[in-house]
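Each remark here refers to the structure printed beneath this line.
What follows is calculated from the coordinates using simple rules that are stated; it is not laboratory data. Computed from a prediction, not measured in an experiment: that's the story for all the values here. All Cβ positions, glycine included, derive from the backbone under ideal geometry; neighbour counts span all protein chains shown.
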Amino acid sequence: MNKITSGLMSSNTDNWATPNNLFEVLDKEFNFNLDPCADDLNHKCSRYYTKEIDGLSREWGGDDRIFMNPPYGKEIKKWVKKAYESSKNGALVVALLPARTDTKWFSYCMKASEIRFIEGRVKFGNSKTCAPFPSCIVIWGIPRNPIIKSMRY
């Protein structure tokens, strides 16, 4: 694998900070009250769970309106499954995810109310360059006919 190809297939981190302008667009639409995959520096809601609090072990449901940008490593399947299952318990979950339609975990996304494929590539956090992968917004818990569309922010 050459240097360019290996750079596209890996990352030094699985924690990609959500761009503020993307979050603001979604928050205006959904009015989030929980960020379960955050830290003290990058949380998007006043109520948030850090790695130490472990959002995966907490109940999500009822009145929870969740924005989720999970770690993109091997644990992503657990987060996506949790989002899907929580939506069946009344939670609204909106996730910023890599658009990896060829993975097993993406099957939970196909059960969502809506998928919005983001046009172009996202610039996460304070990065000067775009992510080396496409992204999507997956929405579970809204009673709609399944919708797949693209979006700009």
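Structure values in brief
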item: Stokes-Einstein D in µm²/s, Kirkwood radius over Cα pairs - the stretch 13-151 at 20 °C with 1.002 mPa s viscosity; result: 144 µm²/s
item: Neighbour-count order for Cys130, Cys37, Cys45, fewest beta carbons within 10 angstrom listed first; result: Cys130, Cys45, Cys37
item: Residue order, fewest to most surrounding Cβ atoms within 10 angstrom, among Thr101, Thr129; result: Thr129, Thr101
item: Counting DSSP beta bridges with both ends in the stretch 13-151, the antiparallel % (nearest 5); result: 50 percent
item: Difference of contour (0.36 nm per residue) and Cα-Cα distance, Thr50 to Phe117; result: 21.4 nm
item: Residue order, fewest to most surrounding Cβ atoms within 10 angstrom, among Phe67, Phe106; result: Phe106, Phe67
item: Net +/- balance of residues flanking Pro36 in space, Cβ distance below 12 Å, scoring K and R +1, D and E -1; result: +2
item: Value of relative contact order over the stretch 13-151, rounded to a whole percent, pairs C-alpha under 8 Å and six or more apart; result: 22 percent
item: The stretch 23-85: equivalent-ellipsoid semi-axes (sqrt of 5 x gyration tensor eigenvalues, Cα, Å); result: 17, 14, 12
item: Segment Ile142-Arg65, length gained on full extension (0.36 nm per residue, minus Cα span); result: 26.6 nm
